[in-house]
Amino acid sequence: YGSHRRLRAALQTLEQEAALQRERARIAQDIHDDLGASLTQISLLGKLAEQDLAQPGQAAVHVREISAAARAGVKAVDEIVWAVNPRNDTAAHFLDYAGQYAVDYLRTGGIRCRIDFPANVPALALNAHARHSLFLVLKESLNNVVKHSGATEVWLRAALAGRTLSLAIEDNGHGFAAGPTE
């Protein structure tokens, strides 16, 4: 029995270490993808601005682009920190962050955002992986609305039923023609 218990404890330790390594790899990938892209863009725009110093108008355009890329980098860091902070592992924290993100993101696209979230969100745990994955789905959906829908208004709705969190995104855009189904 003692040997079985030690093996089970060792297996649990190995599983925890593997989960930690997966989370570290995901964070590294996020930093590389989001922050790395912003920093690379800033570097390239800086070189262009230097080359265009003789043309102040063009250099000013590059400086504005550098500023925008720096803001995007700051936002990427904020998202990464939010994603890994264990204090945010609840449905309430997710909905607060997701709602504010949607409003801010859609405002830059000139799209009105209506939020319909429950007034009192029960204490529902949402692990970091699920929270991060759900947030990435939200980001991609909002990005598609801005780029492709032609919408002027978006409705972001959340519902809680027991231990299930549902998120719905609707817009008043033109939609798309469904392809043939097989």
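The values are calculated or read from the model by the stated rules, or taken from the named source; none is laboratory data. All of these numbers come straight from a predicted model, not from anything done at the bench. Methodologically, a virtual Cβ is constructed for each residue, glycine included, from the backbone with ideal geometry; neighbour enumeration extends over all protein chains shown. Side chains are part of the model used for accessible areas, which takes the heavy atoms of the whole protein and leaves out ligands, DNA and RNA. Shrake-Rupley method; radii C 1.70, N 1.55, O 1.52, S 1.80 Å.
Numerical summary
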quantity: Accessible carbon and sulfur surface of the chain relative to its total accessible area, %, 1.4 Å; calculated: 58 percent
quantity: Nonlocal amide H pairs with Thr90, under 5 Å, H built at 1.01 Å; calculated: Leu126
quantity: Point-charge dipole on Cβ atoms (K/R +1, D/E -1) for the chain, about Cα centre, debye to 20; calculated: 580 debye
quantity: At R0 = 45 Å, FRET efficiency that the Cβ-Cβ distance of Trp155 and Leu53 yields, to 0.05; calculated: 0.40
quantity: Antiparallel DSSP beta bridges within the chain, percent to nearest 5; calculated: 65 percent
quantity: Segment 50-129-segment 8-48 distance, computed between alpha-carbon centres (Å); calculated: 18 Å
quantity: Spin-label pair Glu140/Leu44, simplified geometry with 7 Å Cα→Cβ offset, distance in nm; calculated: 2.3 nm
quantity: Summed residue charge, Cβ within 15 Å of His132's Cβ, Lys/Arg positive, Asp/Glu negative; calculated: -2
quantity: Per-q log10 I(q)/I(0), the chain, q = 0.10, 0.17, 0.18 Å⁻¹ (Debye; single scatterer per alpha-carbon; no solvent); calculated: -0.59, -1.17, -1.22
quantity: Length-normalised contact order of segment 21-130 in % [C-alpha pairs under 8 Å, at least 6 apart]; calculated: 24 percent
quantity: Efficiency of FRET from Cβ geometry, Ala37 and Asn85, R₀ 22 Å, rounded to 0.05; calculated: 0.50
quantity: The chain, accessible area per residue, ligands and nucleic acids excluded (1.4 Å, Å²); calculated: 66 Å²
